[in-house]
Amino acid sequence: MQEFVHGFRKPRAFSDLHAQTDRDASCKCMQAAVQHETGPHIPKEAFCSMLRHNQVLHHLCVSNCSDWITDKELLPVIGQSQHLLRVDMRGCVHLSRHALVAVSLSCRRLQHLILAHCEWVDSLALRSLADHCSDLRSLDITACRQLKDQAVCYLAGKCPALRSLSVAVNANITDTAVEEVAKKCRELERLDLTGCLRVRNEAIRTLAEYCPKLQSLKVNHCHNVTESSLGVLRRRNVEIDVEPPLQRALVLLQDVVGFAPFINLQI
């Protein structure tokens with residue numbers, strides 16, 4: 001419940017909502033929701049009751065509603081929540097691209113967006129986000145496998161203030177996207193490329209050249225990224241998440257000889 005609407009936390013009961021005239025009504029709705037909540041999930045009735053007329057949300061997390069939430073429930077809330085700064089829709093598989101377009105059009109001040117494992121995110125929806133939310137600071141599009149280099153490049157050009165980006169678990173992402181992000185998003189501090197199998201050393205060298213504020217880089221399972229490019233970042237004390245050398249060597253050997261048993265080895 002605390003993750004759902006960050007404003008409803010004690011002792012700062014409404015710190016994120018900044019409600020002025022309807023605090024008592026909002027509190028009663030939340031109390032009713034707590035009484036009817038089952039497990040970690042927010043019931044649909046409570047969601048609709050609490051947010052039907054709420055226009056002061058700053059943070060909204062619906063990841064705990066992923067079992068049931070659809071465009072029908074979410075779009076009316078997004079449409080009247082023009083002050084949202086942070087939205088978390090991770091794992092909400094029953095939504096559609098219309099949800100992201102609605103966020104783009106209504107939430108022009110949006111700074112943080114989590115869309116991990118939302119495979120319905122496509123290039124057109126991401127372009128809409130880039131066109132309307134240029135102040136975006138962090139974006140998580142982990143496992144949004146419809147997205148390719150072109151969409152990520154467009155985003156980088158429109159959102160130069162990005163400080164944190166995850167494009168993990170997407171084999172469509174190549175050096176082209178990573179280099180464009182590096183060149184256009186000079187404030188970048190965190191980048192997650194886990195499982196981006198087509199990313200190579202050249203992209204990492206470009207990151208090192210153009211992103212002096214980089215603090216964290218995740219390149220687990222990026223088997224074409226080696227210490228020849230990571231060394232520069234290590235010397236700058238960038239935190240690097242990569243497999244141990246022996247594990248990486250075994251995986252590469254498996255790729256070369258096609259010997260399946262290597263994949264099950266525990267290092």
- Note on the structure: Note to self: C-alpha centroids of the range 128-185 and the range 189-216 sit apart, in Å, by 12 Å
- Arrange the residues Glu73, Glu187, Glu202 by how much accessible surface each exposes, largest first, with a 1.4 angstrom probe. Glu202, Glu187, Glu73
- If you take the C-alpha gyration tensor of the range 150-219, multiply each eigenvalue by 5 and take the square root, what semi-axes do you get, largest first, in whole Å? 16, 13, 11
- What's the FRET efficiency of Ser228 with Glu187 using the Cβ-Cβ distance as r and R₀ = 25 Å, to the nearest 0.05? 0.45
- Message: With a 1.4 Å probe and all protein chains kept in place, how much accessible area does Arg145 have, in Å² rounded to the nearest 10?
- Response: 110 Å²
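The values are calculated or read from the model by the stated rules, or taken from the named source; none is laboratory data. Owing to the predicted nature of the structure, the values given are computational and were not obtained by experimental measurement. We place every Cβ from the backbone using ideal geometry, glycine too, and count neighbours over all the protein chains shown. Only protein heavy atoms, including side chains, enter the accessible area calculation; ligands, DNA and RNA are left aside. Shrake-Rupley method; radii C 1.70, N 1.55, O 1.52, S 1.80 Å.
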